[in-house]
Amino acid sequence: MSKEILYLKIAKIIEEQIAAGNLQTGEKIPSIRTVQKIYNVSINTVKQAFLQLESKSLIESRPKSGYYVSNVFDSKLALPTVSKLKLSEKEKTPEDLISKVFNTLTHKDFTQFSLGVVDKSMLPVAKLNKGIVKVLRNLEDNGTGYEQAQGNINLRRNVAKWSFTWDGHLTEEDIVTTSGALNALFYSLITVTNPGDTIAIESPVYFGIIQMIKSLGLHIIELPSHPITGIAIEDLKKVLPKIKACCFVTNFNNPLGSCMPEEHKKEVVRLLTEHDIPLIEDDLYGDIFFGTNRPKPCKAFDEAGIVLWCGSVSKTLAAGYRVGWVAPGKFKEKMIRKKLLNTISSPPLYQEVVADFMEHGRYEHHLRSLRNTLYTNFLHYQRCIEKYFPENTKISKPQGGFVLWLELDPKIDTAVLYDIAVQHKIGFAPGRMFTQHDQYNNCMRLNFALKWNEKVETSLKNLGLLIKNQLTNENLSN
């Protein structure tokens, strides 16, 4: 085993011990010399492992004393509240709020906590550009011709190979390529539903999913999500007679960051198979995990072909390439016909570029770096929110992805707060954007995939001050 992989392995073992509570906050961890003897490695390898843990703020050194567990996992802030299941409640569409937020996204001088993409500094732009030149040199017709409706064979082959990371057994024949994950969801929805049908989704959920479902003339039932484990199986059972399909983000839901436990995934697939209800699974964030292994999607437990597994590189590699895919199970032929009618084929150039990047191990190397950077950013954000925001702020604790969900004092209206924050060149996503009901009015989503620097920390500090000021004003008016 190489020296680099070995030090990362040692760091990961200690990190898991901290996360599990076996090493408590403030407790002294084994010395460098002790760890060296346990793993029979060099002193330098152990020092690299400890530096890795220090960079994540997991441990801290004390002069002439050794290393101790820092207070990262000892968060002072509670988890956000789980909402109630609403089967009959008047809708309150958030289109006005969504438009307002999107109108500020082009403002380069803003700190854009609202934008759900990774900062370009974290992306392998130079390598991707080289890939474009290489592909153009070798691509038949220089990418100007049509491809088969099912999509680029090289991309489909590499996505199928990549499914091995979650024990998938897909082949290139199981995959249909799309223009990003939302396009994959769109084709899945028009394949398994008709106008007037009802879809079960998580709540809160990415507003683009709600808008797409509504635009197709479909009805929505929102299932409340726990910030750690996602939807409750009992809630799903209650709505089974009412729904035609489900659409879930099972790994690191946007905006909560919840990850459905494996046993829950198995039960969801079992229940939906029993009732012959398709599951459209958005696995957009599955590769951005902070733990040891990638969580399996529901597709890993699908034997009847009822799961339409959707993915993309939009959150990991290049959002602008619009490269995505879906493994539609038993609905493949119908989906290909839908795609043929709507777009004929997908543009071949960027599909080939992504396939080339995935084929030679560069994607996994990039993901390792990206995960480390995002996890470190999460710890920075958590520290700042605990330091600068009101003490009764509630915060999600995602184990992957790159968004945080905050629940503020009930007196705070984040739609009003947004207008104030914009005047200070700070953008965020108000909570009401992530539901069709009148709820989450005191919540917000923050993107922690920005390049961490003094400006970002200052913006978090200023946002905390704005919240405290609004609370003070509300208290004075009462």
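The values are calculated or read from the model by the stated rules, or taken from the named source; none is laboratory data. On a predicted model such as this, the values are computed, not experimentally measured, just so you know. Note that we place each Cβ from the backbone using ideal geometry, even for glycine, and neighbour counts take in every protein chain shown. These accessible areas exclude ligands, DNA and RNA; they are computed on the full protein's heavy atoms, side chains included. Shrake-Rupley method; radii C 1.70, N 1.55, O 1.52, S 1.80 Å.
Identification of strands (runs of 3 or more DSSP E) wholly contained in the range 171-287 with 1 or more residues that are out of contact with any Cys (no Cβ under 9 Å at 6 or more places or on another chain) yields 176-178, 198-203, 219-226, 245-248. If you check Asp409 against the conditions, is it open to solvent by 60 Å² or more (accessible area, probe 1.4 Å) and either at pLDDT below 95 or farther than 19 Å from Ser258 by Cα (or both)? No, not satisfied. Is the range 416-427 home to any residue that is within 30 Å of Asn183 (Cβ to Cβ) and either without any contact (Cβ under 8 Å) to a residue 40 or more places away in the chain or in a helix (DSSP H, G or I) (or both)? Yes, because at least one residue in the range 416-427 is within 30 Å of Asn183 (Cβ to Cβ) and either without any contact (Cβ under 8 Å) to a residue 40 or more places away in the chain or in a helix (DSSP H, G or I) (or both).
For residues in the range 296-335 being of a type in the set (Val, Ile, Thr) and within 18 Å of Cys246 (Cβ to Cβ), which is surrounded by the fewest Cβ atoms within 10 Å (Cβ to Cβ)? Spell out how you get there, then give the answer.
Looking only at the range 296-335, we keep the residues that are of a type in the set (Val, Ile, Thr), and these are 306-307, 313, 316, 323, 326.
Checking which are within 18 Å of Cys246 (Cβ to Cβ) leaves us with 306-307, 326.
Values: Ile306: 23, Val307: 31, Val326: 33.
Filtering first and then ranking leaves Ile306.
Return the pairs, sorted by first residue and then second, in which the second residue is of a type in the set (A, V, I, L, M) and buried (at least 19 other Cβ atoms within 10 Å of the Cβ), the first residue lies in the range 40-51 and is free of Cβ contacts under 8 Å to residues at least 12 places away in the same chain and in a helix (DSSP H, G or I), the beta carbons are less than 9 Å apart, and the residues are 6+ apart or on different chains. Partner pairs satisfying both residue conditions: Leu51/Ala11.
Given the condition within 30 Å of Asp235 (Cα to Cα), more than 28 Å from the chain's Cα centre (by Cα) and open to solvent by 40 Å² or more (accessible area, probe 1.4 Å), answer yes or no: does some residue in the range 94-103 qualify? So far as the range 94-103 goes, no, none of its residues is within 30 Å of Asp235 (Cα to Cα), more than 28 Å from the chain's Cα centre (by Cα) and open to solvent by 40 Å² or more (accessible area, probe 1.4 Å).
Would you call Thr191 of a type in the set (S, T, N, Q) and touching a residue at least 40 places away in the same chain (Cβ under 8 Å)? Show your work before the answer.
Numbers: of a type in the set (S, T, N, Q): yes; touching a residue at least 40 places away in the same chain (Cβ under 8 Å): yes.
It is true that Thr191 is of a type in the set (S, T, N, Q) and touching a residue at least 40 places away in the same chain (Cβ under 8 Å).
Filter the range 374-400 down to the residues that are out of contact with any strand residue (DSSP E or B) (no Cβ under 8 Å at 6 or more places or on another chain) and not in a helix (DSSP H, G or I), then identify the one that is least open to solvent (accessible area, probe 1.4 Å). Among residues in the range 374-400 that are out of contact with any strand residue (DSSP E or B) (no Cβ under 8 Å at 6 or more places or on another chain) and not in a helix (DSSP H, G or I), the one least open to solvent (accessible area, probe 1.4 Å) is Pro390. Tell me which residues, restricted to the range 119-178, are at positive phi and open to solvent by 40 Å² or more (accessible area, probe 1.4 Å). If the condition is that a residue be at positive phi and open to solvent by 40 Å² or more (accessible area, probe 1.4 Å), then Asp141, Asn142, Asp167 are the ones that fit.
Here the range 260-295 is the region considered, the condition is being touching a residue at least 60 places away in the same chain (Cβ under 8 Å) and closer than 20 Å to Ser188 by Cα, and the residue that is surrounded by the most Cβ atoms within 10 Å (Cβ to Cβ) is Asp282. All told, Lys9 meets the bar of being within 25 Å of the chain's Cα centre (by Cα), of a type outside the set (Ser, Thr, Tyr), farther than 30 Å from Lys76 by Cβ and open to solvent by 50 Å² or more (accessible area, probe 1.4 Å).
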